[in-house]
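Q: The structure follows.
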Amino acid sequence: MTYVTPNAHPGESDAKSIQNAIDYAVKSGTGRVRIPRVNERTGKEHWTIDETVYLPSDVEILFDDAHLVLANGCFCNMFAAHGGDTAEKALRNITLRGRGNAVLDGGHYNGLSERNSEKDGMPHISKNTTLLFTNVEGLVVEDLTLARQRWWAITNVAVRHARYSRIRFAAELSRVDEAGVHHPNEWPQRGREMYVRNADGIDLRVGCSDVIMEDIGGFTGDDTVALTALGSFERRFGWLPEGLSPDIHDVTVRRVDTETFSCAGVRLLNHNGNKLYNVTVEDVTLRHTEGIYRSHAAVSIGDKNYAERLSEPGETHHITVRNVRSAAKLGVSLCRHLQDSVIEHISATGDGNAVGVREGCTATLERCRLSLLRAEEGTPLCDEGLTVVE
């Protein structure tokens, strides 16, 4: 199989060398690029990315034992693929594949957070997502480690027919003290210290459908997998194609083994009139290390925040969650409304509850089945704030 290598198409920077190789591969009809470990332009065993590398349709990138790292102080995605403003203008058939120890590394934190996004000359926080895909149909990402993500590691908007397999995360947590000094590799605590990164793993946003995520693990600074049909900045930037439904549907998440800082292993959330349905989440293990702020749930369904209009009955339905092993406060947390769904085989360790309502919330389950809920020291079903309708 023939691959084009950036070593054969050097530019004035590593990012330009990789972009040159991609452009040549597409133009020549090969469509395949191999990024090796050794960077012949610099003689180093890593590639420094100081500007976004853009992906076209019909391209495969093989990270062959390669280590790519974002440059100090830059504000850019490592790779991005932006389709057009209609579904027909989607980019198609993009593959990112690792071999050996392939690492996409966020490098040293650049100071951009959700708190200062688009303030004081800072760009929007989406510049800090490592991989950004908008209006893409036919996407494969597999066998990669994403380390030290500066915000969400992988952001998807209007991505259809996609598969993520064997993805590992290695987030670095950090804190900012009262004087504004950044302390890398120190655990933040709730309260006055600022939790910097919101370092999610994979995020599906509005317009995503027919997606499989499997064999996902490691450590994230926030939700490891998040399906969040909210749609604020995505619409503002024109990333949701004209005429495409903003709903998230027909998604399978399976074999997730993770630890998170405070948040969920898998989060399911929809507001603002967007729907979430036909989702299966199965075989989730949520771990906990003493000294790290404990996750609130292995799987979280719904929330009372993040919206101008909260979700209403009929907008979250046909969700299946099964085979969850949780060291969090809840195996499955509930909020708002859930219909025609199944929650089964949920186990909680320690004093956690198998299923319950998220703190400060109420939840209504209509035509839902809950079964085989187990807890060690807690209770299988914590029903405070929960209404069940047959």
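The values are calculated or read from the model by the stated rules, or taken from the named source; none is laboratory data. As the structure is a computational prediction, the values presented were derived from the model and not from experiment. Backbone-built Cβ (ideal geometry, glycine too); neighbour counts: all protein chains shown. To get the accessible areas, we keep the full protein, side chains included, count just its heavy atoms, and leave off ligands, DNA and RNA. Shrake-Rupley method; radii C 1.70, N 1.55, O 1.52, S 1.80 Å.
Q: Restricting attention to region 50-62, does a residue exist that is touching a Leu at 6+ places or on another chain (Cβ under 7 Å), closer than 22 Å to Asp200 by Cα and at pLDDT 95 or above?
A: Checked region 50-62: no residue is touching a Leu at 6+ places or on another chain (Cβ under 7 Å), closer than 22 Å to Asp200 by Cα and at pLDDT 95 or above.
Q: Taking region 20-45 on its own, how many of its residues are of a type in the set (D, E, K, R), assigned to a strand (DSSP E or B) and either touching a Gly at 6+ places or on another chain (Cβ under 7 Å) or in contact (Cβ under 8 Å) with a residue 24 or more places away in the chain (or both)?
A: Applying the first criterion (of a type in the set (D, E, K, R)) to region 20-45 yields 23, 27, 32, 34, 37, 40-41, 44-45.
Pick out the ones that are also assigned to a strand (DSSP E or B) and you get 32, 34, 44.
Adding the requirement that they be either touching a Gly at 6+ places or on another chain (Cβ under 7 Å) or in contact (Cβ under 8 Å) with a residue 24 or more places away in the chain (or both) leaves 32, 34.
Result for region 20-45: 2.
Q: I'd like the residue in region 108-137 that is small (Gly, Ala, Ser), in contact (Cβ under 8 Å) with a residue 12 or more places away in the chain and part of a loop (DSSP other than H, G, I, E, B) and, out of all such residues, is surrounded by the most Cβ atoms within 10 Å (Cβ to Cβ). First the steps, then the outcome.
A: Residues of region 108-137 small (Gly, Ala, Ser): 111, 113, 117, 121, 126.
If we keep only those that are in contact (Cβ under 8 Å) with a residue 12 or more places away in the chain too, we end up with 111, 113, 126.
Still in the running and part of a loop (DSSP other than H, G, I, E, B): 111, 113.
Details: Gly111: 15, Ser113: 19.
Going through the qualifying residues, I end up with Ser113.
Q: A further question follows. Of all residues in region 218-233, which are surrounded by 21 or more Cβ atoms within 10 Å (Cβ to Cβ) and over 14 Å from the mean Cα position of the chain (by Cα)?
A: Within region 218-233, Gly231 is the sole residue that qualifies.
Q: While we're looking at this one, here's another question. From Thr95, Thr48, which residue is surrounded by fewer than 21 Cβ atoms within 10 Å (Cβ to Cβ), touching a helix residue (DSSP H, G or I) at 6+ places or on another chain (Cβ under 7 Å) and in a strand (DSSP E or B)? Lay out the reasoning, then the answer.
A: Numbers: Thr95 fails: touching a helix residue (DSSP H, G or I) at 6+ places or on another chain (Cβ under 7 Å).
Thr48 is the lone residue from the list that is surrounded by fewer than 21 Cβ atoms within 10 Å (Cβ to Cβ), touching a helix residue (DSSP H, G or I) at 6+ places or on another chain (Cβ under 7 Å) and in a strand (DSSP E or B).
Q: Which residues, counting only those in region 7-19, are more than 28 Å from the chain's Cα centre (by Cα) and either in a helix (DSSP H, G or I) or touching a residue at least 40 places away in the same chain (Cβ under 8 Å) (or both)? Give the steps one after another, and end with the answer.
A: Filtering region 7-19 for residues more than 28 Å from the chain's Cα centre (by Cα) gives 7-13.
The answer is Asn7, Ala8.
Q: Same structure, new question: Restricting attention to region 138-148, and to residues there that are modelled with pLDDT of 95 or more and in contact with a Gly (Cβ under 8 Å, 6 or more places away or on another chain), which single residue is most open to solvent (accessible area, probe 1.4 Å)?
A: Among residues in region 138-148 that are modelled with pLDDT of 95 or more and in contact with a Gly (Cβ under 8 Å, 6 or more places away or on another chain), the one most open to solvent (accessible area, probe 1.4 Å) is Asp143.
Q: Taking Arg236 as meeting all but one of (1) open to solvent by 40 Å² or more (accessible area, probe 1.4 Å); (2) within 18 Å of Leu334 (Cβ to Cβ), write down the number of the exception.
A: Arg236 satisfies all of (1) open to solvent by 40 Å² or more (accessible area, probe 1.4 Å); (2) within 18 Å of Leu334 (Cβ to Cβ) except (2).
Q: Within the bounds of region 82-92, is there any residue that is touching a Cys at 6+ places or on another chain (Cβ under 6 Å) and of a type in the set (Val, Ile, Thr)?
A: No: region 82-92 contains no residue that is touching a Cys at 6+ places or on another chain (Cβ under 6 Å) and of a type in the set (Val, Ile, Thr).
Q: Name every residue in region 174-226 that is modelled with pLDDT of 90 or more, assigned to a loop (DSSP other than H, G, I, E, B) and at negative phi, in order of residue number.
A: Residues satisfying the conditions are Ala199, Asp200, Gly201, Arg205, Val206, Cys208, Asp222, Asp223, Thr224.
Q: Considering only residues that are polar (S, T, N, Q) and without any contact (Cβ under 8 Å) to a residue 12 or more places away in the chain, which ones fall in region 290-337? Please lay out each step first, then the result.
A: Quick first cut of region 290-337, residues polar (S, T, N, Q) only: 295, 300, 305, 311, 316, 320, 323, 326, 333.
Across region 290-337, the qualifying residue is only Asn305.
Q: Any residue in region 264-288 that's assigned to a loop (DSSP other than H, G, I, E, B): show its pairings with residues that are basic (Lys, Arg) at Cβ separation under 8 Å, as long as the two are six or more apart or on different chains.
A: As it stands, the answer is His271/Arg309; Asn272/Arg309; Gly273/Arg309; His288/Arg294, since those pairs meet every condition given.
Q: I'd like the full set of residues that are open to solvent by 30 Å² or more (accessible area, probe 1.4 Å), in contact with a strand residue (DSSP E or B) (Cβ under 9 Å, 6 or more places away or on another chain) and either free of Cβ contacts under 8 Å to residues at least 12 places away in the same chain or not β-branched (Val, Ile, Thr) (or both), limited to region 354-367.
A: Here is the first cut: in region 354-367, the ones open to solvent by 30 Å² or more (accessible area, probe 1.4 Å) are 358-360, 362, 364, 366-367.
Then keep just the ones that are in contact with a strand residue (DSSP E or B) (Cβ under 9 Å, 6 or more places away or on another chain); that gives 358-359, 362, 364, 366-367.
Within region 354-367, Arg358, Glu359, Glu366, Arg367 qualify.
Q: Just the residues that are without any contact (Cβ under 8 Å) to a residue 60 or more places away in the chain and assigned to a helix (DSSP H, G or I), please, taken from region 70-92.
A: Within region 70-92, Glu88 is the sole residue that qualifies.
Q: If we scan region 321-340, do we find a residue that is buried (at least 20 other Cβ atoms within 10 Å of the Cβ), over 24 Å from the mean Cα position of the chain (by Cα) and part of a loop (DSSP other than H, G, I, E, B)?
A: no
Q: Consider Glu259 carefully, then state whether it is over 20 Å from Leu386 (Cβ atoms) and under 22 Å from the mean Cα position of the chain (by Cα).
A: Judged against the criteria, Glu259 is a match.
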